[in-house]
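Asker: Below are the structure tokens for one structure; questions will follow.
Please treat every number below as a calculation from the coordinates, not as lab data. In this text the structure is predicted, and so the values were computed from the model without any measurement. Backbone-built Cβ (ideal geometry, glycine too); neighbour counts: all protein chains shown.
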Amino acid sequence: MGFILKRLINSIFLSFGIAIVVFLLLRILPSVSFSDIYLNPRLSEEMIRRIKSAYGLDEPISIQFLNWLKEIITGNLGFSFIYRKPVINCIMESLSSTLTIGIPALVFSFGVGILIGIQSARNRGKLIDRITTSSLLVLYSIPSFWLGIILILLFSYTFRLFPPSGLHSFNFNELNFFEKIFDLLRHIFLPALTLGTPPMAAIARFTRNTMLKVLSQTYIKTAIAKGLDQKTIFYRHILPNALLPVITLFGLYLPIFFAGSIVIEEIFSIPGIGKSTVDSILQRDYPLTVGITLFVSFIVILGNLISDILYSIFDPRIRLK
Amino acid sequence: MRINHLLFFLSLITLITLASCTKEIEKNYIIIGSTIDIDSFNPYLSTSLFTQDLLDRVYLRLATEQEDYKTFTPLLAKRWEWSKDSTQITFYLRNDVYWTDGVKTTAYDVEFSFKVATSPEVAWLNAEDIIRNIEFVKALNETTLIVKYRYVYPYQLTDINDVWIIPRHIYEKVPFSEWRRNGYFDEKPVTNGPYKVARWERGQVIELIKNENYFDKNYPKIPRIFVKIVPNESNLLLQFLNGEIDVLPSIPPAVAEKYENNPNVKFIKYPFLAYEYIGWNQRNQIFADKRVRQALSYGINVDEIIKVILRGNAVRATSPFPSIFWAHNEKLKPYPYNPEKAKKLLSEAGWKDSDGDGILDKIINNKKVDFKFTLITNAENLTRKEVATAIQNDLLKLGIKMEIQVFEFNTFMRHILNRNFDAVLSGWRVATKPDLATLFHSEAIKTGHNIVSYSNPYFDKLNDSAAVLNNLSQAKILWDKVQEIIYDDQPYTFLYEPVRINGISKRIDLKTVRMNSISFLYNLHEWELK
């Protein structure tokens, strides 16, 4: 318990340090809050100054930094220029959209990935294994912007099976409970598939390798020699040992699912963390950019912590100190 | 193994059910596609033109600007009278306009809106002209409004009509200084136009529905409008071609050409009050010579650019006033593509290839300088990148070496405003009030938008007198002269005036649709479905 607490506190400080660096970097860059103000050739320096002052951007950096610290302590994480509300609220709203896609994608990539990996290892060397392994390599290497558009072209444009964008239909509020769930699932399908496929391929290949490693261990040979039946060998001896290293991947992939994907959220029009990141950078919404950085770095560190904890639970040889 | 098969079939069945289970909404609506979301329902905070296009469907202005960009027809104001000396206009407002919460729209709302528009705390982007030109706005009673100007000038109506009229009883609840830090106004806005806002889900959808209390009971014809936000252009285009989206603004020429024969859609093309140009920064010695700038204009094959890159969807630009604008000087003909003449002008200006390396050079301040420079442009605009490459080739034929540098928009603007560039490829949208002072007046060299540091006292004088002339036909004569000066001096090489291409579904009765430079939703309330 003490270990987890220590790591948690550490991670908060670490993400905080990252946020300070981002904060300073952003202020050194050209500091104008809204890109469009320059589109208007009639706008004078005086007007630009007024707008800057309305957002507190005319203060010296040290004062701006102190103001920002104050916002962090109150838990607002700052005040977003473009959404005109506390950054923490913006992040929470985007997070819910990101998770709507991220959790199904996570379940899909680990569920399907592990299943395929196991099957592939069991049929090692056979034709089916070779086909699976090479297709996995292809799936792993496909860039998501391309995969996303191809899926839309196939499932939405040609066959009209799934909606091409958004998280729900326009008439969502008029639907009953079951229709709502169906509607949501229909919308989630394509983006979750796009998001989950490359990690799924990685997990499948990884699982296959760890399975093969375990299969060659002497204790498996012992089990076979003892005359244990196939099922017991598989579920008791092979699976737990083979899946242990997969836990590491969980920590590694957590940010992919929970921190939002800029590319996929753009293609499928999902108002999640990734989309907010781009918007905040393009519109020079510094507080939001810094807030999101803070949040994402926290998720990354948290992912590592979780995989460490899971490891200690599943592998009695490892104890956290 | 059997379990695996079962799982496989189960998921297949779920997928099929999912895919087949939809519930249609009654088809009395249209969907407008957009890559960007709106930024606020408070018109005084919004910076995006798209937002203002939509806000104009839900808020009424005093009058409607007509497609000639100079006359106005009554809207919220039934009629208006000018005082004898023309420094004052009295507006008589309609008595039957109500805000969506049931409160009447009165002259006091307009008076309050003027206070908002000019408030330093609100810092509205278009405030400057209003503050400079209008002395006060006063409501005499609920329907009578006086607007007093500081002096007489041609665009008095345009200026007061720029002021968005917002409900005082809602907006006075929050002090001006807190507007930019308060999301209150982004909830459902209280409006008075033909449409009202039913919902706004950020990054997803905006729904406008018919305002049942709108004063003109004949409008709007289409009761429900959705704006669907899809940031990805390819996805948006697919949805448009598939019939899921009915209106798609700003389509690239090549795409429109490719799908011209699609039976479900039609492409509407119309000229736009804008132009693309290359600005030659005269702080760079190379471009300080007028003959060089003229030579560059002769040396760029703009017709070819229009034909190949824009597929003919543009008109050659000759002056800072686009050809559809009333102040445009139609006697000016575009600089023809004439490399020989360009070479002649360059050699007159002292540019020769003395060392035979294929690049022109000249002795400036006892130093041999090659004719080399960098053209900057912004990354978001793909057409500009192609145009820049075409120009690069044209100029190389003259012995001029041009590099191209592409920046993200904000960084690009910073380079421009700091005058930190040699040449720039960009575009301006043209305001309907003709005034070239912001772009070319010598007073705008230091702080304004005279980014090329162009200075001609004769131009300054003529422009200043033209801008305040009240009689527009007399002003036109001066504007013609002003444009001749610019034409001769070529501070910019004027490239082309883009044609806007919007896609529209054939579900909509095209006879009822008007799109123009003021807005692509100009008469949305009059649109009808087939």
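Asker: Positive end of the charge dipole of the protein assembly as shown (Lys, Arg +1 and Asp, Glu -1 on Cβ, about the Cα centre): tell me which of B:336, B:63, B:301 has its Cα farthest that way.
Answerer: Of the candidates, B:301 comes out farthest on the positive side.
Asker: Tell me, what is the percent relative contact order of chain A, built from C-alpha pairs under 8 Å that lie six or more residues apart? Present the calculation step by step, with values, prior to reporting the outcome.
Answerer: Values: 368 pairs, mean separation 93.6, N = 321.
Dividing the mean separation by the residue count of chain A yields 29 percent.
Asker: Let me ask you something else. Compute the Kirkwood hydrodynamic radius of segment A:220-285, taking the inverse of the mean of 1/r over all pairs of distinct Cα atoms, and give it in Å to one decimal.
Answerer: Numbers: mean 1/r = 0.0647 Å⁻¹.
Every distinct Cα pair counted, the radius reaches 15.4 Å.
Asker: Also, I was wondering about something else. Suppose R0 equals 35 Å; then what is the FRET efficiency for residue A:176 and residue A:59 from their Cβ-Cβ distance, rounded to the nearest 0.05?
Answerer: On the way: r = 53 Å, r/R0 = 1.51.
Using R0 = 35 Å, I get an efficiency of 0.10.
Asker: Then there is this: Which residues does the label zone of residue A:317 cover in segment A:244-264, counting backbone N under 13 Å from a point 7 Å along Cα→Cβ?
Answerer: Inside the label zone: A:244-245.
Asker: Let me ask you something else. Put +1 on the Cβ of each Lys and Arg and -1 on the Cβ of each Asp and Glu in segment B:58-177; which of B:175, B:118, B:105 then has its Cα farthest toward the positive end of the dipole?
Answerer: B:105
Asker: What is the magnitude of the charge dipole of the protein assembly as shown about its Cα centre, with +1 placed on the Cβ of each Lys and Arg, -1 on the Cβ of each Asp and Glu, and no other charges, expressed in debye to the nearest 20? Mind dumping the intermediate values first?
Answerer: On the way: 96 positive and 83 negative charges, 549 e Å.
Using only the charged Cβ atoms, the result is roughly 2640 debye.
Asker: Rounded to a whole number, what is D in µm²/s for segment B:403-459 from Stokes-Einstein with the Kirkwood radius over alpha-carbon pairs (10 °C, 1.306 mPa s)?
Answerer: In µm²/s, the coefficient is 127.
Asker: With no solvent and one point on each alpha carbon, what is the Debye value of log10 I(q)/I(0) for segment B:58-177 at q = 0.18, 0.21 Å⁻¹?
Answerer: Taken in order of the listed q values, log10 I(q)/I(0) reads -0.96, -1.30.
Asker: So for segment A:124-246, what are the equivalent ellipsoid semi-axes in whole Å, largest first, each being the square root of 5 times an eigenvalue of the Cα gyration tensor?
Answerer: Values: eigenvalues 333, 74, 25 Å².
Those come to 41, 19, 11 Å.
Asker: Now a separate question. Relative to the Cα centre, what is the charge dipole magnitude of segment A:88-271, using +1 at the beta carbon of each Lys and Arg, -1 at the beta carbon of each Asp and Glu, and rounding to the nearest 20 debye? Intermediate results must be reported in sequence, preceding the final value.
Answerer: Numbers: 14 positive and 8 negative charges, 259 e Å.
Dipole about the Cα centre, nearest 20: 1240 debye.
Asker: Okay, moving on. Post the alpha-carbon centroid distance, segment B:28-96 to segment B:363-431, in whole angstrom.
Answerer: Segment B:28-96 and segment B:363-431 have Cα centres spaced 37 Å from each other.
Asker: Name the shape class, rounded, prolate or oblate, that the alpha-carbon gyration tensor gives for segment B:327-431, where a ≥ b ≥ c are the square roots of its eigenvalues, rounded holds for a/c under 1.5, and otherwise prolate holds if a/b is larger than b/c and oblate otherwise.
Answerer: Working: a/c = 1.94, a/b = 1.35, b/c = 1.44.
Judged from the Cα gyration tensor, segment B:327-431 comes out oblate (a/c at least 1.5, b/c at or above a/b).
Asker: Could you tell me the relative contact order of chain B? Use alpha-carbon pairs under 8 Å, at least six residues apart, and round to a whole percent. List each step's numbers first, then the result.
Answerer: On the way: 958 pairs, mean separation 95.9, N = 530.
It comes to 18 percent, rounded to a whole number.
Asker: Work out the FRET efficiency for residue A:5 and residue B:7 from their Cβ-Cβ distance, taking R0 = 45 Å, and round it to the nearest 0.05. Present the calculation step by step, with values, prior to reporting the outcome.
Answerer: Details: r = 41 Å, r/R0 = 0.91.
Calculated value: 0.65.
Asker: Take the protein assembly as shown, compute every pairwise Cα distance, and split them into 10 Å bins from 0; I just need the percent in each bin.
Answerer: Going from the shortest bin to the longest, the percentages are 2, 10, 18, 21, 20, 14, 8, 4, 2, 1, 0, 0.
Asker: Here is a further query. Hey, what does the equivalent ellipsoid look like for segment B:274-499, semi-axes from the Cα gyration tensor as sqrt of 5 times each eigenvalue, largest first, whole Å? Walk me through the numbers on the way to the answer.
Answerer: On the way: eigenvalues 155, 79, 64 Å².
Semi-axis lengths for segment B:274-499 are 28, 20, 18 Å.
Asker: May I have the convex hull volume per residue, in Å³, for the Cα set of chain B?
Answerer: Details: hull volume 110.1 nm³, N = 530.
Measuring per residue, one finds 208 Å³ for the Cα hull of chain B.
Asker: In straight Cα distance, which lysines are under 25 Å from residue B:352, not counting same-chain residues fewer than 8 positions off?
Answerer: The qualifying lysines are B:290, B:341, B:343, B:344, B:362, B:367, B:368, B:372, B:397, B:401.
Asker: Determine how many Å³ per residue the convex hull of the Cα atoms of chain A encloses. Don't jump to the answer; show the numbers that get you there.
Answerer: Working: hull volume 63.2 nm³, N = 321.
Looking at chain A, the number lands at 197 Å³ per residue.
Asker: For segment B:286-372, which chymotrypsin sites (Phe, Trp or Tyr not before Pro) are both in a DSSP coil and crowded by at most 15 other Cβ atoms within 10 Å? If you can, show how the numbers build up before the last one.
Answerer: On the way: sites: B:287, B:298, B:325, B:326, B:337, B:351, B:371; in loops: B:325, B:326, B:337, B:351, B:371.
Passing both the DSSP loop test and the Cβ count: B:326.
Asker: If you project the alpha carbons of segment A:43-192 onto the principal axes, what extent comes out on each, in Å, largest first?
Answerer: 72, 41, 34
Asker: Which FRET efficiency, nearest 0.05, do residue A:229 and residue A:129 yield, Cβ-Cβ r, R0 22 Å?
Answerer: Numbers: r = 23 Å, r/R0 = 1.06.
Computed FRET efficiency for residue A:229 and residue A:129: 0.40.
Asker: Determine the dipole magnitude for segment B:58-177: charges of +1 sit on the beta-carbon of Lys and Arg, -1 on that of Asp and Glu, nothing else is charged, the reference point is the Cα centre, and the result goes in debye to the nearest 20.
Answerer: Working: 14 positive and 17 negative charges, 60 e Å.
Charge dipole of segment B:58-177: 280 debye, to the nearest 20.
Asker: Check residue B:369: other-chain or 5+ apart residues with amide H under 5 Å from its amide H, H built from backbone geometry?
Answerer: Under 5 Å from the amide H of residue B:369 lie the amide H atoms of B:362, B:363, B:364, each far enough along the sequence or on another chain.
Asker: What is the count of Lys pairs in segment B:58-177 whose alpha carbons sit under 27 Å apart, if the two are 8 or more places apart or on different chains?
Answerer: Lysine pairs satisfying the spacing and distance rule in segment B:58-177 number 21.
Asker: Which one, B:485, B:432, B:381, is farthest towards the positive end of the dipole of segment B:274-499 when Lys and Arg carry +1 and Asp and Glu -1 on their Cβ?
Answerer: B:485
Asker: Report the relative contact order of segment B:58-177, percent, no decimals, based on alpha-carbon pairs under 8 angstrom and at least 6 residues apart.
Answerer: Worked out over segment B:58-177, it gives 27 percent.
Asker: Separate question: Across 5 Å bins from 0, what is the distribution of all Cα-Cα pair distances for segment B:103-172, in whole percents?
Answerer: 3, 17, 29, 25, 17, 7, 1, 0
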